1. Out of P428, P408, I need the residue that is crowded, with 24+ Cβ neighbours inside 10 Å, within 20 Å of the chain's Cα centre (by Cα), touching a residue at least 24 places away in the same chain (Cβ under 8 Å) and closer than 20 Å to I310 by Cα. Which one?
2. Answer yes or no as to whether V184 is assigned to a strand (DSSP E or B), within 14 Å of ligand 1 (Cβ to nearest atom) and either over 23 Å from G503 (Cβ atoms) or among the acidic types (D, E) (or both).
3. Does the range 294-312 include one or more residues that are under 16 Å from the mean Cα position of the chain (by Cα) and either closer than 30 Å to R100 by Cβ or within 16 Å of ligand 2 (Cβ to nearest atom) (or both)?
4. Do we have any residue at all in the range 324-333 that's of a type in the set (F, W, Y) and more than 23 Å from P218 (Cα to Cα)?
5. Condition test on H256, is it surrounded by fewer than 24 Cβ atoms within 10 Å (Cβ to Cβ), away from ligand 2 (no atom under 16 Å from the Cβ) and not charged (D, E, K, R)?
6. Would you mind stating whether A219 is closer than 24 Å to R500 by Cα and small (G, A, S)?
7. Go through the range 388-403 and count every residue that is under 13 Å from L374 (Cα atoms), free of Cβ contacts under 8 Å to residues at least 40 places away in the same chain and among the small types (G, A, S).
8. I need a count of the residues in the range 72-102 that are crowded, with 18+ Cβ neighbours inside 10 Å, assigned to a helix (DSSP H, G or I) and of a type in the set (A, V, I, L, M).
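Nothing in this text is a laboratory measurement; each read-out follows from the coordinates by a stated rule. Remember, it's a predicted structure, so these values are computed and weren't measured experimentally. Here Cβ is always computed from backbone atoms with ideal geometry, including for glycine, and neighbour counts include all displayed protein chains.
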Amino acid sequence: MTRCTVISNNARSDPRAKIASLPAALLRLPGPAGDLVKRIQNYIDGRFVAGDREFADVNPADGTVIAQVMEANEVQVDEAVHSARCALRREWGRLGVRERATRLHRVADAIEKRFDCFVQAEIADTGKPISLASKLDVPRAAANFRVFADLVKMAGLESFQTETPDGAKALNYAVRKPLGVVGVVTPWNLPLLLLTWKVAPALACGNAVVVKPSEETPATATLLAEAMQDAGIPKGVYNVVHGFGPGSAGEFLTRHPDVDAVTFTGESRTGAAIMKAVAPTVKPVSFELGGKNAAVVFSDCDFAEAVNGIGEAVFLNTGQVCLCAERVYVDRKIFNAFVDALKEKAENLNSGWPSDAKTNLGPLISAQHREKVLSYYQLAREEGATAVTGGGVPKFGDDRDNGFYVQPTIYIGLTESARCVKEEIFGPVCHIAPFDSEEQAVAMANDTKYGLAASIWTTNLKRGHRVAQQMNVGITWVNCWFLRDLRTPFGGAGLSGIGREGGMHSLNFYSELNNICIRL
Ligand code: NAD
Ligand code: 6OD
């Protein structure tokens, strides 16, 4: 653990405090009047730099402003892209795979050295429970670098001994080359995990990146710059530009003519806007988008395992995981028992302060997102749902009342065509519906324009395989959820995305293959 990044002006030892510290890298500038307001800066060509406008970084747990973020203007985004291009022509572009992999392991080491700073920065931005940030988000960031560093060293490539009908002989083999400058645009729900999930393979393949983290969660992307410096990643290889989407850094980056590829995680309609932006320059894209995921519970499931697993699948990260189950289909034979058990699970969640180790349900990310989720709670009532539990806003009697908490919520009684069953809500909420046959369950689960993930709960092995293979999604879990092996394909069908990342799929997206044919 490093203490290098701790400042004291806002530090509180109270476990209710949203944040004990923000890292020094985020604090290079004093406020206009020399005050101690924290400023989160851009990172361009190896330097932390201001922007000409600022916006507030808000604590979702109590609505206070924790920092000001320096928004990059169009010229700065251009400088970041230029700096990435130049880095490819210098040392980084000449490094062999082994040395690149060694440096990526050092990035993982540097993340682990700053483990507590990353955890604090992540919970400061998102309000997520410390238990989650320290078990999932930050360890996965380090793992992303280690896995892709090892993979790129091990990865083989195709080769063919060729004989043509007219007797010519040749050897064909492919070599892997970087794409060049990759634009990385990421969301706020798992900020560091999702950013490093893309940056690690991009760097492993020898690219340079310009990342545009979500305006809601700028801190860990900036702190990662400090880890990159520590690890000997040359200037220009990793750049961070802060800002919004349209008319701001997100748009400037994705329509920049000198960006060679765009990798994006976020809402489906943002993916559509980015697709338009990249069209004139025909850039490769990888899109990981929204979901309206189903969980299918058969009467032969291990009941306790299914209730626990679906409790996670619905409520983890306050339902703000693209893989979360918002539609739960349960065999009518166990429907009432299942609804009661999930209700009990929801009512036992602890909506505490993020820094409290016992908290397992944080706030939503923002006031605006809470408005959206609450509008679906209202819509569910209008569409005729029965709230089994929740449906409103908790009252705490302390500063959390100024934060963006909502109650964990379970609905029953909607028709399958209801908007609440069709549209992604992205909150701690699900609708549970009964089914009477396996065929009906499969049809209901597949009746969506999305196609990201599904989970199947059954102890019948044959049924597990049979149903899983009929799911029109990118990822199906059987008797588990969000259990990850980073070598496996990850992505979605339909509105849930374009392409697959993970393992070799990431290496294939972040590189160009050059096939060489040698006449023998
Ligand atoms: P969002 O699409 O609103 O924003 C994501 C990023 O895109 C942000 O950095 C934002 O500033 C930027 N952006 C917005 N408009 C842009 C534009 N026109 N041009 C360029 N950049 C633009 O998504 P969000 O609200 O941050 O995240 C929640 C959504 O992300 C949900 O729909 C969720 O399902 C999805 N998601 C998907 C996955 C996955 O792996 N499939 C993972 C996490 C989140
Ligand atoms: O685990 C991952 O690699 C991944 N991309 C998870 C996405 C979660 C969505 O919110």
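1. P428
2. Here the answer is no, as V184 does not meet what is asked.
3. Within the range 294-312, not a single residue is under 16 Å from the mean Cα position of the chain (by Cα) and either closer than 30 Å to R100 by Cβ or within 16 Å of ligand 2 (Cβ to nearest atom) (or both).
4. Yes, because at least one residue in the range 324-333 is of a type in the set (F, W, Y) and more than 23 Å from P218 (Cα to Cα).
5. So H256 passes the test.
6. Numbers: closer than 24 Å to R500 by Cα: no; small (G, A, S): yes.
So A219 does not fit the description; no.
7. Within the range 388-403, the first condition is being under 13 Å from L374 (Cα atoms), and the residues that meet it are 390-394.
Next, only the ones that are free of Cβ contacts under 8 Å to residues at least 40 places away in the same chain stay: 391-393.
Narrowing the set further to residues that are among the small types (G, A, S) leaves 391-392.
Residues flagged as under 13 Å from L374 (Cα atoms), free of Cβ contacts under 8 Å to residues at least 40 places away in the same chain and among the small types (G, A, S) within the range 388-403 amount to 2.
8. Total meeting the criteria: 7.
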